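One structure below.
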Amino acid sequence: MAKRKAVSIKDVARESNASLTTVSLVLNNRDGRISRATRERVLDAVERLGYRPSRLAQSLQSQRSGFLGILVPQLRHAFADVYFGELISAIQETAGENDYKIILDVANPRYLERSHHLELFRRHYVDGLLCLGVTNNDTYLADFSEDQPVIVVNNRVSGVDLDFVQCDYSEAGRIAAKHLCELGHKKIGYIHGATEVQTTADLRDGFEEVLDQLKLPLPESRAEDGLYTEEGGAKAAIALLTREPTITAIFAGNDKMAIGAISGLKRIGMRVPDDVSVIGCDDVHQAEYCDPPLTTIHTPIYEVGARACGLLLDLISSKAQVVRETQPVSLTVRKSTAASGKGRNGAVK
């Protein structure tokens, strides 16, 4: 079967009895001086012929690529991670609603050594860039110039002046501490993630701020790195209770570590929340369905991704000049936290 010849803009011009310039102006919505009758004639011809404009040709005329870039860190199964999946889904859906496509890249050492992150702009592959999972060690972020639209998503980078949209992790830490202290807990353990992540520092600062105010300091013996994973959370919880058996509550810096902590505590014969209360942070979908359902700090991850994408489009179109936005967080109480009362073997905590 012969391959059907693609319909061109010349075919539309011939069919509508209009000039190529007129057809181009109509197709690019720059037809303010063209009569309504001519415009409708061109659009009717487009419909009859089944013409589909070339995205490349349109981008050359508009000086825009029609693509947004997403940079994620080099992590094992990063695209399968519930946190990154939520952000990427929000960005993709918001971009699609605004007729943009997404380019997804992994910022591994080889990629950065070859300056591929800068090629995205130099070669006009993207109109703007969203950076996920960044840390204060990501010095490559300083390579971007002020006129390149770049937004750090759900974080910010110390010492680098880049636009950002994030959740209020300082307040998340304060809310978690207040919740546990109001339940009467005095010996509280803390499972944290990577210390080079700025929002990790914010979360701990907020958490310790409240504990310090109540004269309940957090010694290093009650803090453990959970590596932001379920496995890490389980190991951290076991290490904390082995080292300090009198701990009655644990705050984990994300829900994955909190869910792991619950599993680890069960492994060593601890009941949640009867023996040890556990609170997480993020409020991912799985939090409601673990056993027991997880009390957590709700951080609007999807909304942050969508908002970051929308504001990036505003930067691209010059509707915004600077983006520095922090989204509010809230407490979601479920069954993994309870008042400090009768402890292990009937002893009072």
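Here are Val152, Val165: which of them is within 16 Å of Pro300 (Cα to Cα) and free of Cβ contacts under 8 Å to residues at least 60 places away in the same chain? Working first, answer last.
Numbers: Val165 fails: free of Cβ contacts under 8 Å to residues at least 60 places away in the same chain.
On inspection, the qualifying residue turns out to be Val152.
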Single match in Leu112, Leu75 (criterion: over 30 Å from Lys10 (Cβ atoms), surrounded by fewer than 18 Cβ atoms within 10 Å (Cβ to Cβ), within 26 Å of the chain's Cα centre (by Cα) and at pLDDT below 90): Leu75
Positions within the stretch 191-248 being of a type in the set (Gly, Ala, Ser) and either touching a residue at least 12 places away in the same chain (Cβ under 8 Å) or outside the structural domain of Gly264 (by TED's automatic domain parsing) (or both), in sequence order: Gly193, Ala194, Gly206, Ser221, Ala223, Gly226, Gly232, Gly233, Ala234, Ala236, Ala237, Ala239
Glu288 being out of contact with any Ser or Thr (no Cβ under 8 Å at 6 or more places or on another chain) and not polar (S, T, N, Q): yes
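Here is a check on your reading of the model: is Ala339 assigned to a loop (DSSP other than H, G, I, E, B), at pLDDT below 95 and not acidic (Asp, Glu)? Steps first, please.
Numbers: assigned to a loop (DSSP other than H, G, I, E, B): yes; at pLDDT below 95: no; not acidic (Asp, Glu): yes.
In short, no.
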Verdict on Ile188 being over 25 Å from Arg64 (Cβ atoms), at pLDDT 95 or above and either buried (at least 19 other Cβ atoms within 10 Å of the Cβ) or of a type in the set (A, V, I, L, M) (or both): yes
Residue match in the stretch 219-229 (condition: closer than 17 Å to Ser330 by Cβ, within 29 Å of the chain's Cα centre (by Cα), of a type in the set (Asp, Glu) and surrounded by 15 or more Cβ atoms within 10 Å (Cβ to Cβ)): no
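Name the residue, out of Glu146, Glu93, Glu119, that is surrounded by fewer than 20 Cβ atoms within 10 Å (Cβ to Cβ) and within 20 Å of Ala320 (Cα to Cα).
When all the criteria are applied, what remains is Glu146.
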Pairs, first more than 21 Å from Ala252 (Cα to Cα) in the stretch 318-342, second surrounded by fewer than 14 Cβ atoms within 10 Å (Cβ to Cβ) and among the aliphatic types (A, V, I, L, M), C-beta under 7 Å, six or more apart: Lys342/Val348
Search result, residues across the stretch 126-138 that are under 18 Å from Asp314 (Cα atoms) and either in a helix (DSSP H, G or I) or at pLDDT below 95 (or both): Val126, Asp127
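Of all the strands (runs of 3 or more DSSP E) wholly in the stretch 245-317, which have at least 3 residues that are buried (at least 22 other Cβ atoms within 10 Å of the Cβ) and not polar (S, T, N, Q)? Talk me through it step by step, then tell me what you get.
Numbers: elements: 249-252, 277-282, 295-298.
Passing ranges, in order: 249-252, 277-282.
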Qualifying residue in the stretch 253-273 (condition: of a type outside the set (A, V, I, L, M, F, W, C) and on the phi > 0 side of the Ramachandran plot): yes
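The values are calculated or read from the model by the stated rules, or taken from the named source; none is laboratory data. Owing to the predicted nature of the structure, the values given are computational and were not obtained by experimental measurement. Here the Cβ is made from the backbone with ideal geometry for all residues, glycine too, and neighbour counts use every protein chain on show.
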